[in-house]
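Please read the structure below before turning to the comments.
The values are calculated or read from the model by the stated rules, or taken from the named source; none is laboratory data. Fair warning: this is a prediction, and the values are worked out from it, not measured in the lab. Quick reminder, even Gly has a Cβ in these numbers, built from the backbone with ideal geometry, and neighbours come from all protein chains shown. Surface areas here come from the heavy atoms of the whole protein model, side chains and all, with no ligands, DNA or RNA. Shrake-Rupley method; radii C 1.70, N 1.55, O 1.52, S 1.80 Å.
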Protein chains: 2
Amino acid sequence: MSFIVMKFGGSSVGTPERMKRVAQRIIDRQQEGNDIVVVVSAMGDTTDDLIDQSKQLNPNPPQREMDMLLTVGEQISIALLSMTIQEMGAKAMSFTGWQAGMKTNNAHGKAKITDIQPDSVLNAVKQGHIAIVAGFQGVSEEGEITTLGRGGSDTTAVAMAAAMKADICEIYTDVDGVYSTDPRVVKNARKLDEISYDEMLELANLGAAVLHPRAVEYAKHYNVKLVVRSSFTGNEGTCVKEDAVMEQGIVVRGIAFDKNVTRISILGVQDIPGVLAGVFEALAENGIDVDIIVQSFVQDGKADFSFTISSEDKQKALNVIEGIRSKVSYDQASSEEGLVKVSIVGAGMVSNPGVAAKMFSTISSVGVSIKMVSTSEIKCSCVIDSASLQDVIQALHTAYGLDAEEKAFVGGPSERR
Amino acid sequence: MSFIVMKFGGSSVGTPERMKRVAQRIIDRQQEGNDIVVVVSAMGDTTDDLIDQSKQLNPNPPQREMDMLLTVGEQISIALLSMTIQEMGAKAMSFTGWQAGMKTNNAHGKAKITDIQPDSVLNAVKQGHIAIVAGFQGVSEEGEITTLGRGGSDTTAVAMAAAMKADICEIYTDVDGVYSTDPRVVKNARKLDEISYDEMLELANLGAAVLHPRAVEYAKHYNVKLVVRSSFTGNEGTCVKEDAVMEQGIVVRGIAFDKNVTRISILGVQDIPGVLAGVFEALAENGIDVDIIVQSFVQDGKADFSFTISSEDKQKALNVIEGIRSKVSYDQASSEEGLVKVSIVGAGMVSNPGVAAKMFSTISSVGVSIKMVSTSEIKCSCVIDSASLQDVIQALHTAYGLDAEEKAFVGGPSERR
């Protein structure tokens, strides 16, 4: 008998049929002898419909009222799921964020969890109920209704699991688990049985949409055992935990990529102390996230440097750089699109020299040149032309011994809320 | 400068255009120098849509989860109304029932208000905000979300006004105010300037849908000055208060009717003590409300009696009476449909003898016979054939001097939630 938190995304409960299937799945899990807390997101299109309604009345709706509006999405889900479970003969009780004791700060739209007081939920579970908690929402010290922002429902599930000392937090999604790389790109991508928090974090940050990085961080911090599995099949899924076992001879766990990369180059920058900081502070103040930064050698008191950003920030970034010309002297700024970042991730890299070198040689073996490089203890990333993405990923997947015997399950787009 | 509670029903905010019109009206009222708290219902079809969704998943949804589900309707309204007001340049803050301190008992679906702690709402008002409170909902001591049932939003408005010691509670609806009788039946029905709580209560109980009786009772108990007025026009409306002034020579304030009347007769009942109680207890246990009761003289140890009920309860009532044959001996039971109850209401009746006699003579003057009669201190009701309704109401309206000079505004169906 275990204490299990089960989290379902919006598309898993988007129709009456899906709602019933999820309810049955939850009841089955309880009848195996487990205590069950369920965390659920807003159903399918509810959130988008509410946003549309608000835009008709206020094109820039205040965030406090958006939180008031959008939290009804999860409240509808929990009520309907509880009714469905009760109709099928099991006991269930739903809880909004504030009822579940999910305390946050007052940052509407992107609130941080400050404390969890899950007494009501635990009481319901003790009395044999399946407790159903609204994801994504909380309440501040002042009694304000808040939302957790991106990745909110995953984070709710992990945080509830941590606060209640649950044995497992199961994240149900529309893919079978975490894959060695995107199965839509590499046909023999392999589903991983286990992965460590750090590896999962790198993969999540690198765009593997199956789990939100924030939820993984929370799980790592509180040592919550996560299982990513499919809402639609009974397959085992992938276990995310501290001491994930590496398979024999496998150093790289997975390969991720980000298609949304633009490189900005600033040439002939006057090399005085604080110049670099000035540029990146200006970008940060304008909400532009910078990823890889490369600075060339200084010649004649001038330096070139380049960095990558999300493609949608390109124009904004160029404007910011133009705007600081009075403070930072440089010859010219330019941008390059059509790039991707490919990353290999594996906790074993740190103790296996030559892993990065193998990446560079593999990429060059398919005739592709590397434009930028960035490394960390468990990751190595290369920026390349997007046209070569498929060839490079496939070659790396084979080179690091990740190819599966059979064709992998190909999932649809994941839920991230 | 006054402290005003303004209550708007669901149809008043059912479209973006109506929402904007209501928002403008609220802002205007604030700019006249008043402190404003708004109570609002769920928009148009929201509630019905949510009920439809629930029925697909559970034909008999548990009331706790229905409260969880249906309270989102008002939460959507308050968020959108607050956004709309802010877009128009005024300050606004929305509050759910629990945030507004609306404490109730735990009777899901028909909770009773036990206490109100409106500190958050009052603070918002003090800071110059228009405070927007979700009607119809509250929270129990145990932190359960509850709904107040029928008349809930009117009751929320009156209760908030009482707790905050507001000067006026304005109920905005789709008619101009309270009329001397239904303007759809009598063309020269007159809009009343004032009416007392007791008179309003009788009219409300008799089917004048403009205000829910529960809200009127609450207003009477806490002496809250109510004003019923139109969402769509600037007209003055009707003031409901303790010391409503009677116009010169007018004793009857209004004429109400109930079309939904069935008479049940039980003939030849063995007249032993407790028989009458046995019949009506059985009806009450089955949820059947009995209105007028008439017992004939006892002859040969047997009595006849008859009573009126809502027509939809006819078959259920006959079944109950058949079911108690073993305990109550009677010759036969029968029912008569196609009846209406016509009532005259006026606080002055008690001190003006002959008011009831005038009613009987007026009805007989148009050739209609009276089947049953019931009187109270401020009301006299007669049951007649429904075919004569129009003639009787018109004759009474003229006889009691209620006819207006001009044709009255004819309103649509009212909101009662």
Considering protein heavy atoms only and a 1.4 Å probe radius, which residues within the stretch B:66-90 exhibit an accessible-area decrease of no less than 50 Å² in the full assembly relative to the chain by itself? B:68, B:69, B:72, B:75, B:76, B:80, B:83, B:87
Sorted shortest first, the nm distances from the residue B:377 label point (7 Å along Cα→Cβ) to its counterparts in the other copies are 8.4
Partner shielding of A:302-313, taken as the mean number of other chain Cβ atoms within 10 Å, equals 0
Which of B:30, B:394, B:315 moves the most in a Gaussian network model of chain B with Cα springs under 10 Å? B:315
Taking the Cα atoms of the protein assembly as shown alone, what are Rg (to one decimal) and Dmax (as a whole number) in Å? 35.2, 128
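By DSSP, what percent of the beta bridges with both residues in chain A are antiparallel, rounded to the nearest 5? Don't jump to the answer; show the numbers that get you there.
Details: 46 of 74 bridges.
If we restrict to bridges inside chain A, about 60 percent are antiparallel.
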Positive-end residue, the stretch A:16-129 charge dipole about Cα centroid, Cβ charges, pick of A:23, A:121, A:75: A:121
Using only Cα atoms, tell me the angle between helix A:16-31 and the longest principal axis of chain A; keep it within 0 to 90° and round to the nearest 10. 70 degrees
Given pairs B:259/B:302; A:191/A:379; A:91/A:241; B:126/B:191; A:225/A:379 and cut-off 24 Å on Cα-Cα distance, the over-length ones are B:259/B:302; A:91/A:241; B:126/B:191
Once all protein chains are kept in place, residue B:224 shows an accessible area at probe 1.4 Å, nearest 10 Å², of 10 Å²
Along the charge dipole of the stretch B:3-245, pointing to its positive end and built from +1/-1 on Cβ of Lys, Arg, Asp and Glu, which listed residue (B:183, B:131, B:62) has its Cα farthest out? B:183
Along each of its three principal axes, how wide is the spread of alpha-carbon positions in the stretch B:3-245, in whole angstrom units, largest first? 49, 41, 34
Quote the accessible area belonging to residue A:3 in square angstrom, nearest 10, computed with a 1.4 Å probe and with ligands, DNA and RNA left uncounted. 30 Å²
Distance between the stretch B:220-237 and the stretch A:147-208 - C-alpha centres, whole angstrom: 56 Å
Give the accessible surface of chain A per residue, rounded to a whole number of Å², with probe radius 1.4 Å and ligands, DNA and RNA excluded. 41 Å²
Quick check: with the 1.4 Å probe, what order do B:398, A:238 take by accessible area, largest first? B:398, A:238
Please list, in order along the stretch B:351-367, the HN-Hα scalar couplings obtained from phi with the Karplus expression 6.51 cos²θ - 1.76 cosθ + 1.60 (θ = phi - 60°), rounded to whole Hz, x for Gly and Pro. 9, 10, x, x, 5, 5, 4, 5, 5, 4, 5, 5, 5, 5, 5, 9, x
Once you charge only the Cβ atoms, +1 for Lys and Arg and -1 for Asp and Glu, what is the size of the charge dipole of the stretch B:3-245 about its Cα centre, to the nearest 20 debye? 240 debye
What residues qualify as long-range amide H neighbours of residue B:403, i.e. H under 5 Å apart, gap of 5 or more or another chain, H built at 1.01 Å from N? none
Per its Cα gyration tensor (rounded if a/c is under 1.5, else prolate when a/b beats b/c, else oblate), the stretch A:339-409 is best filed as oblate
Given the stretch A:306-375, what whole percent of its Cα pairs are spread farther than 14 Å? 71 percent
Over all alpha-carbon pairs of the stretch B:255-399, lay out the pair-distance distribution in 10 Å bins, whole %, shortest bin first. 11, 37, 31, 19, 3, 0
Chains B and A: what accessible area do they bury, summed, in square angstrom to the nearest 100, with a 1.4 Å probe? 3400 Å²
Among A:339, A:396, A:50, whose mean-square fluctuation peaks in a Gaussian network model of chain A (Cα, cutoff 10 Å)? A:50
Listed residues B:65, B:194, A:32 arranged by accessible area, highest first, probe 1.4 Å: A:32, B:194, B:65
In whole percent, and with a 1.4 Å probe on the protein chains, what portion of the accessible area of chain A is carbon and sulfur? 47 percent
Using only alpha carbon positions, build the gyration tensor of chain B, then give the equivalent ellipsoid semi-axes as the square roots of 5 times its eigenvalues, largest first, whole angstrom. 41, 28, 18
Which residues of the stretch A:43-61 end up with at least 30 Å² less accessible area in the presence of all protein chains than when their chain stands alone, using a 1.4 Å probe? A:53, A:56, A:57, A:58
Beta bridge orientation in the protein assembly as shown: antiparallel %, DSSP, nearest 5: 60 percent
Ignoring ligands and nucleic acids, what accessible area does residue B:190 show with a 1.4 Å probe (Å², nearest 10)? 50 Å²
Checking the cross-link filter: which aspartates and glutamates have an alpha carbon closer than 17 Å to that of residue A:55, excluding same-chain neighbours under 8 positions apart? A:45, A:65, A:67, B:17, B:87
Give the chain A residue with the shortest beta-carbon distance to the rotation axis relating chain A to chain B, plus that distance as a whole number of Å. A:72, 2
Going 7 Å from Cα along the Cα-Cβ axis for the label, what nanometre distances separate residue B:319 from the same residue across the other copies? 7.0
Averaged over B:91-98, number of beta-carbon atoms from partner chains that fall within 10 Å: 4
What helix-only [θ] at 222 nm does chain B give? Using -39500 (n - 2.57) per DSSP H run of at least 4, over all residues, to the nearest 500, the answer is -10000 deg cm²/dmol
On average, how much area does the Cα convex hull of the stretch B:145-190 cover when viewed from any direction, in nm²? 4.8 nm²
In the stretch A:239-342, which trypsin sites (Lys or Arg not before Pro) are in a loop and have at most 11 other Cβ atoms within 10 Å, using DSSP for the loop call? A:325, A:327
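Please report the antiparallel percentage of DSSP beta bridges with both residues in the stretch B:3-245, rounded to the nearest 5.
So the antiparallel bridges amount to about 25 percent of the total.
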Considering only C-alpha atoms, what is the centroid distance from the stretch B:23-56 to the stretch A:279-343, in Å? 49 Å
Among B:370, B:210, B:228, the residue whose Cα sits farthest towards the positive end of the charge dipole of chain B, when +1 is placed on the Cβ of each Lys and Arg and -1 on the Cβ of each Asp and Glu, is B:228
Taking residue A:187 in one copy and the same position in all the others, each labelled 7 Å out along Cα→Cβ, what are the pairwise distances from the first, in nm, shortest first? 8.3
